[in-house]
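Values quoted throughout were computed directly from the atomic coordinates according to the rules given, and no laboratory measurement underlies them. The model shown is predicted, which means the values in this text are computed figures rather than measured ones. FYI the Cβ positions are ideal-geometry reconstructions off the backbone, even for glycines, and counts take in every protein chain you see.
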Amino acid sequence: MVGDVALVLAALALDYWLGEPRRWHPLVGFGTLAQRLEQRFYADSFARGSLAVVLLVAPFALLVLPIDRLPWSGALEAALLYLAIGWRSLEDHAGRVRDALLANDLSAARKRVGLMVSRDITGLDQSGVVKATVESVLENGNDAIFGAIFWFVFAGAPGVVLYRLANTLDAMWGYRNARYSRFGWAAARLDDVLNFVPARLTALSYALVGNFNAAIRCWRRQSITWKSPNAGPVMAAGAGSLGVRLGGPASYHGIVQTRPLLGAGVPARISDIDRAWRLIRRVLLLWVVFLLAGEWLVHDITAP
């Protein structure tokens, strides 16, 4: 862990100041590569899907294995983590939805939340847009921020590359529908495995910086009813921490899914969009303090 805090802080500073690269983002390029491989390689097969994941993810993870032996390795590792996280992007997207709602421009709000979620947006009313935005902020707090930091600290650059690419493939292929139930199985399961620990650390962190008792209660009672084993704890704890109601029916690819309710209290309101990303900020501060404490402890133990 020694030295990781400085690299995490550097990556967060780059993300906060620069945001996501407007052109040539590696994850966008990786998504394009995945689409092209799918077009040529697709079959309704577990084996094909598993091989596709290996062909896409393994070369990049192996490519960065020797990064710590390269000149300026610290700067390169911080740059990789910066490209893997999406803190400012998440806040920017959520802020644009909030601004459109405050301007009573529901059409613009739908379009903007459509950049954050995979559900159908055409029929969303104001309440539906708010709920989708808060859910996305909470879930992507883990997927786009804390999961990446966890794997960077735990396994360095190869870990964060493996995590973020697997997460990207899950977002593209991890659907339980006719096309991807077999081909996307490996991508979804790899993401489940890699997110198991980070998701629960994120859920616990949401509880620690908000309404602890409600967050833990919602996590324990509601997460088991959610279709995703990792999004369930994250979103239930986040909703409980904020004291809002999320979940409920939502349409995906023209099919309405009856999702269970998450959280407690009143339905999410426009002001809760800002409260959600402020929750993310408090968790970031908590993680930085924890990493600093861990680095100090390791240094104290290993000092002669």
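By the scheme Lys and Arg +1, Asp and Glu -1, what is the net charge of all other residues having a beta-carbon under 13 Å from that of Val117?
Once positives and negatives cancel, what remains is +2.
Please list, in chain and number order, the residues 5+ apart from Gly243 or on another chain whose amide H is under 5 Å from its amide H, with Hs placed from the backbone.
The list, which skips near neighbours in sequence, is Ala264.
Using a Förster distance of 45 Å, how high is the FRET efficiency between Arg176 and Ile301, based on the Cβ-Cβ distance and rounded to 0.05?
For R0 = 45 Å, the calculated efficiency reads 0.45.
Could you derive backbone 3J(HN,Hα) for region 30-43 from the dihedral phi with the Karplus parameters 6.51, -1.76 and 1.60 (θ = phi - 60°), listing whole Hz in sequence and x where the residue is Gly or Pro?
Those phi angles translate into 5, x, 5, 4, 5, 4, 5, 5, 4, 4, 8, 10, 4, 8 Hz.
Taking the Cβ of Ala268 as the center, what net charge do the other residues with Cβ under 10 Å away carry, scoring Lys and Arg +1 and Asp and Glu -1?
In short, +2.
With no solvent and one equal point scatterer placed on each C-alpha of region 4-302, evaluate the Debye formula and give log10 I(q)/I(0) for q = 0.07, 0.08, 0.12 Å⁻¹, two decimals.
Summing over Cα pairs of region 4-302 leads to -0.26, -0.35, -0.80.
Any chance you could run the full-extension gain for Gln39 through Leu292? It's 0.36 nm times the residue separation minus the Cα-Cα distance, nm to one decimal.
Length gained between Gln39 and Leu292: 86.5 nm.
Which of rounded, prolate, oblate describes region 1-140, given a ≥ b ≥ c as roots of the alpha-carbon gyration tensor eigenvalues and a/c under 1.5 marking rounded, otherwise prolate only if a/b is larger than b/c?
It comes out oblate by the Cα gyration axes.
Please find, in a Gaussian network model of the chain (springs between Cα atoms separated by less than 10 Å), the residue of Val289, Val57, Val160 whose mean-square fluctuation is greatest.
Val289
Report the label-to-label distance for Arg48 and His253 in nanometres (one decimal), using points 7 Å from each Cα along the Cα→Cβ vector.
About 1.5 nm, to one decimal.
At 7 Å along Cα-to-Cβ for each site, give me the label-to-label distance between Arg221 and Leu9 in nm.
For the pair Arg221/Leu9, the computed spacing is 4.2 nm.
Report the residue, chosen from Asp191, Asp170, Asp125, that carries the largest GNM mean-square fluctuation when the chain is represented by alpha-carbon nodes joined by springs under 10 Å.
Comparing Asp191, Asp170, Asp125 in the GNM, the peak value goes to Asp125.
Could you compute Rg(Cα) / (2.2 N^0.38 Å) for region 108-232, with N its residue count?
Normalised Cα radius of gyration, region 108-232: 1.12.
For Leu261 and Phe212 in one chain, what is 0.36 nm times their gap in residues minus the Cα-Cα distance, to one decimal in nm?
In short, 15.8 nm is gained.
What does the charge count around Ser50 come to, taking other residues whose C-beta lies under 12 Å from its C-beta (Lys +1, Arg +1, Asp -1, Glu -1)?
Result for the local shell: +3.
Work out from phi, with θ = phi - 60° and the Karplus expression 6.51 cos²θ - 1.76 cosθ + 1.60, the ³J(HN,Hα) of each residue of region 150-157, listed in order in whole Hz, and give x for Gly and Pro.
Result, rounded to whole Hz: 4, 6, 5, 5, 7, 9, x, 4.
Taking R0 as 30 Å, what's the FRET efficiency between Ala58 and Ser118 from their Cβ-Cβ distance, rounded to 0.05?
Efficiency for this residue pair is about 0.70.
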